[in-house]
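Every number in this text was worked out from the coordinates using simple rules, so none of it is lab data. On a predicted model such as this, the values are computed, not experimentally measured, just so you know. Cβ: placed from backbone, ideal geometry, glycine included. Neighbour counts: every protein chain shown.
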Amino acid sequence: MSVDLIKHIKLGFNFATSMVDPEQDFLPYWGIVYDGKNSLVHGRIDNCDPPFCWMEIILLNRKLTGTRQAEEVEKGLRKWCQTDFHPDGLRYPSHKSGSKHVYCFLHGLAYVLDAMVSWYELTKENWVKTKIDSMIAGLRRIASEANFYADLTQEEDLYGGGLYFPFNNYVPEKIWDPNKYSQINCYELASSGTFILPLTRYYEITGDEKAKEFAEGLTKYILTQSYLYGFDGRFIGHFHRNMWSIVGILKYAHLVNNEEYFQRARQIYQFAEGLGSNFGWFPEMVALKDPSLEYCETCCIYDMIYGALVLAQAGSDEHWDRVSRYTKNHLLKSQFQNTSMIEDHNLAEKLLGGFSGWTQVNDYFTRDGKIFICGCCSWHGIKALHYIWEAITQRTNNSTYINLLLDKEDNDVIIRTSLPEKGQIEIELKHPAELYLRIPIWARNDLVAKYNGRIVSPEWKESYLRFKDVKLGDKIQVNFSVPEYREKVKISGREFLVEWLGDMVMQIEPKGKFLPLY
């Protein structure tokens with residue numbers, strides 16, 4: 001029953017290469033709210049960010065598994081990804097997919113930028129970098145400067161300034177027009193922050209100072225002038241838009257060593273942790289309706305996993321445990337794996353490996369018996385799997401760190417676990433190194449370590465067991481007790497009884513009406 005991330009990643013590849021329309025050059029289908037009768041149809045958003053998101057999934061999978069499958073799909077997606085770019089650097093999706101208006105949807109463009117940053121990181125294709133640079137320049141040109149003054153006769157910016165987008169939709173070659181397609185509110189302003197993470201990643205990869213300065217300006221606005229977040233970190237509105245911004249700020253602040261920004265973003269992240277569960281369910285909306293009616297978007301799980309990874313890598317050791325819990329439980333439970341849920345076999349095969357946009361705490365279906373598989377949640381869910389895979393191990397100089405108790409085999413190490421049924425992990429390095437194995441807080445009782453079959457007492461370095469001078473072919477085994485317990489919890493206004501085995505949820509009461517997740 002141990003978690004096989006590669007299996008789930010391959011399912012994600014199936015989704016990205018199957019949820020396309022061969023009759024329209026493999027234009028993606030963004031998703032479907034399946035009610036037992038309907039089928040896939042194209043909509044406005046299909047030609048927005050999905051071609052880029054699907055490309056990122058394909059390229060990530062090719063890097064990890066080496067597969068050359070679905071080359072025709074990739075070829076078609078590449079065509080879509082080279083259309084509809086305006087000379088101003090922005091992309092205005094054409095009405096081929098059903099839209100009556102031509103405008104730049106900024107929230108969607110943040111997805112495009114993030115996917116293209118990964119695309120460039122993976123392939124180093126020059127045209128991709130050119131598009132990214134043009135896009136950043138175009139976005140910077142239309143960004144508004146937040147220059148508020150206590151006294152209009154003064155030139156000094158007393159409140160710090162910053163950059164933001166006042167609306168979510170931008171009409172080509174026009175100034176911001178409040179009468180066009182959008183209205184200003186906290187939902188729209190939160191979209192300004194969604195560019196921080198891709199800009200930060202691009203700066204990290206390329207050293208591009210313009211991307212760094214842009215991320216700084218957006219961060220400054222979000223934290224000091226947007227009024228989106230209370231003094232104690234509270235916020236309302238769309239969880240994903242808010243938290244995508246905040247984990248971007250966490251990443252940016254950690255990268256540039258800005259402690260003030262980092263601690264403020266961490267405070268907001270901690271508030272978000274309290275909105276959901278300790279196994280990865282988080283609400284789509286915050287404080288806008290009865291919380292017991294909320295669903296969980298996989299995008300929200302991605303945000304919390306990415307943020308936990310940043311915090312863990314910044315030294316917050318406890319967040320490795322949260323990454324593990326969120327991954328093994330609600331992230332994987334949100335992936336569409338049971339094709340028997342849908343009578344249309346062809347549709348079910350296309351959706352296989354996608355991720356839900358609306359899960360209840362313990363039901364894959366909505367309260368009225370529908371299944372919602374959507375593009376943004378599928379993209380984020382699959383991206384999360386790849387980030388987690390990379391984070392399991394870390395190689396630094398002559399040392400190998402194992403941060404998460406998950407199965408993995410790559411060029412450096414073989415890791416085999418027997419969790420959750422048995423507390424055992426077996427490790428074999430593929431090169432000599434000093435090995436550091438992180439032991440979760442719950443697994444530190446009755447711990448026995450063996451080196452080539454001989455019981456040893458490795459020293460502790462904080463939460464890691466240290467094995468010195470491990471040679472090629474040496475085998476390390478660590479055994480420990482797996483605690484089993486139940487806890488009563490309140491999640492989004494409702495009470496649940498959760499049964500744990502180690503850090504995996506075995507059962508939740510009450511069960512869902514249609515398809516219980518646990």
Can you give the net charge of the other residues whose Cβ lies under 10 Å from the Cβ of Ala137, counting K and R as +1 and D and E as -1? +1
The stretch 180-307: relative contact order as a whole-number percent, Cα under 8 Å and 6+ apart: 26
So, for the Cα atoms of the stretch 237-278, Rg and Dmax in Å stand at 10.5, 31
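Relative contact order for the chain using alpha-carbon pairs under 8 Å, separation at least 6, rounded to a whole percent? The partial results should precede the final answer.
On the way: 993 pairs, mean separation 67.0, N = 518.
Contact order relative to length: 13 percent.
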Over all pairs of distinct alpha carbons, what does the Kirkwood formula give as the hydrodynamic radius of the stretch 1-62, in Å? 12.9
Note: the stretch 331-430, point scatterers on Cα, Debye, no solvent; log10 I/I(0) at q = 0.24, 0.25 Å⁻¹ equals -1.17, -1.22
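Just want to confirm a number: the relative contact order over the stretch 327-448, from Cα pairs under 8 angstrom separated by 6+ residues, in percent. Present the calculation step by step, with values, prior to reporting the outcome.
Values: 149 pairs, mean separation 17.9, N = 122.
Reported relative contact order: 15 percent.
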Equivalent ellipsoid dimensions for the stretch 27-67 as semi-axes, Å, which come from the Cα gyration tensor, largest first: 26, 13, 6
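For the stretch 387-518, what value does the Rg/Rh ratio take when both radii are computed over Cα atoms and Rh is the Kirkwood radius, given to two decimals?
Values: Rg = 17.5 Å, Rh = 16.4 Å.
Reported Rg/Rh (Cα atoms, Kirkwood Rh): 1.07.
With +1 on each Lys and Arg Cβ and -1 on each Asp and Glu Cβ, and nothing else charged, work out how big the dipole of the stretch 261-375 is about its Cα centre, in Debye to the nearest 20. Walk me through the numbers before you get to the answer.
Working: 10 positive and 14 negative charges, 47 e Å.
Here the stretch 261-375 has a charge dipole of around 220 debye.
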With a Förster radius of 25 Å, plug the Cβ-Cβ distance of Asp4 and Asn397 into 1/(1 + (r/R0)^6) and report the FRET value to the nearest 0.05. 0.25
Measuring from its Cα centre, the chain shows a charge dipole (+1 at each Lys and Arg Cβ, -1 at each Asp and Glu Cβ) which, in debye to the nearest 20, is 840
For the stretch 1-100, with the dipole built from +1 on Lys and Arg beta-carbon atoms and -1 on Asp and Glu ones, taken about the Cα centre, which of Thr83, Ile57, Tyr29 lies farthest toward the positive end? Ile57
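Suppose R0 equals 35 Å; then what is the FRET efficiency for Glu125 and Val102 from their Cβ-Cβ distance, rounded to the nearest 0.05?
0.85
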Peptides ranked, highest mean first, by Cβ atoms within 10 Å: ranges 214-224, 249-259, 411-421: 214-224, 249-259, 411-421
For the stretch 326-345 and the stretch 233-254, distance of Cα centres in Å: 27
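May I ask for the Rg/Rh ratio of the chain, computed from Cα atoms with Rh as the Kirkwood radius, given to two decimals?
That ratio is 0.97, to two decimals.
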